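Down below is the structure, laid out as structure tokens.
Nothing in this text is a laboratory measurement; each read-out follows from the coordinates by a stated rule. All values reported here derive from a predicted model rather than from experimental measurement. All Cβ positions, glycine included, derive from the backbone under ideal geometry; neighbour counts span all protein chains shown.
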Amino acid sequence: MILLLLGTKNEGKLSELRELLADLEGVEFLTFHARPFKSVEEIGLTFDANARLKARTIGAETGLPVLAEDAGLEVDALGGEPGVHSARFAGVPVDYERNNTLLLERLAGVRDRKARFIAVAVLCFPDGREFVSEGILTGRIARKLEGEGGFGYDPLFIPDGFSRTLAEMTLVDKNRISHRRRAIEGIKQVLRELAHD
Ligand code: IMP
């Protein structure tokens, strides 16, 4: 049995991760509620760097294997912003409503609404083994907020092939297509192999 700490304090992410990982056998998950850890300052310049930083730092503090993830939104018309600054786009403390308002302001009158969510998941073991997996969800930024579900920029993000925002979908439906789902899929593959060794 592998005991794995989920390295995030974001309740939106935790709900999605719990559902995504529910079918995994041989792995037991802990969250910060049961095993508290300090917040990690995200000073990396890429999602990859920040995900590794979180997994390694929380792993060093707790001595446990850690699954951490860094994600964000890249908007073409904004040159890839907010990118790694997605959480604090409109400043600190993190405020989803202000972030969404700022995003709509920046895109006022802009026709090119193409955007993508990126997630990088990192699994880090106390012996130094590290596994990385990336997931991307392409789509566009809506003209106004729609939906109550999800978190962050979900009320403004319409995935390619859909006419609804992520916030209008159930958690299960979002998890079928999301960047997080795709990143976690790679990590689940590794965990399945390790749990059977
Ligand atoms: P971090 O990965 O904790 O640094 O946070 C990334 C930020 O990107 C979040 O605060 C959200 O604003 C945004 N974000 C990441 N994933 C999602 C998602 O699945 N939906 C909506 N916003 C997201």
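Here is how the numbers come out for the structure above:
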{"quantity": "Other-chain or far-sequence residues with amide H under 5 Å of R140's (modelled H)", "calculated": "A115, I158, D160"}
{"quantity": "FRET efficiency, E193 to A60 (Cβ-Cβ, R0 25 Å, nearest 0.05)", "calculated": "0.50"}
{"quantity": "Lysines with Cα under 16 Å of K174, excluding same-chain neighbours fewer than 8 positions away", "calculated": "K13"}
{"quantity": "17 Å cut-off, amide nitrogen to a point 7 angstrom out along R88 Cα→Cβ, residues in the stretch 124-162", "calculated": "none"}
{"quantity": "Set of the stretch 152-189 residues, backbone N closer than 11 Å to the point 7 Å along the Cα-Cβ line of D112", "calculated": "none"}
{"quantity": "Local net charge near A115, Cβ-Cβ under 11 Å (Lys/Arg +1, Asp/Glu -1)", "calculated": "-1"}
{"quantity": "Per-residue ³J(HN,Hα) for the stretch 38-44, Karplus 6.51 cos²θ - 1.76 cosθ + 1.60, θ = phi - 60°, Hz, x for Gly and Pro", "calculated": "6, 5, 9, 6, 8, 9, x"}
{"quantity": "Table column - 3J(HN,Hα) (Hz), the stretch 130-147, Karplus curve with 6.51, -1.76, 1.60, x for Gly and Pro", "calculated": "9, 10, 10, 8, 10, x, 10, 10, 8, x, 9, 8, 5, 8, 8, 5, 9, x"}
{"quantity": "Per-residue HN-Hα couplings for the stretch 51-56 [Karplus 6.51, -1.76, 1.60; θ = phi - 60°; Hz; x = Gly/Pro]", "calculated": "5, 5, 4, 5, 5, 5"}
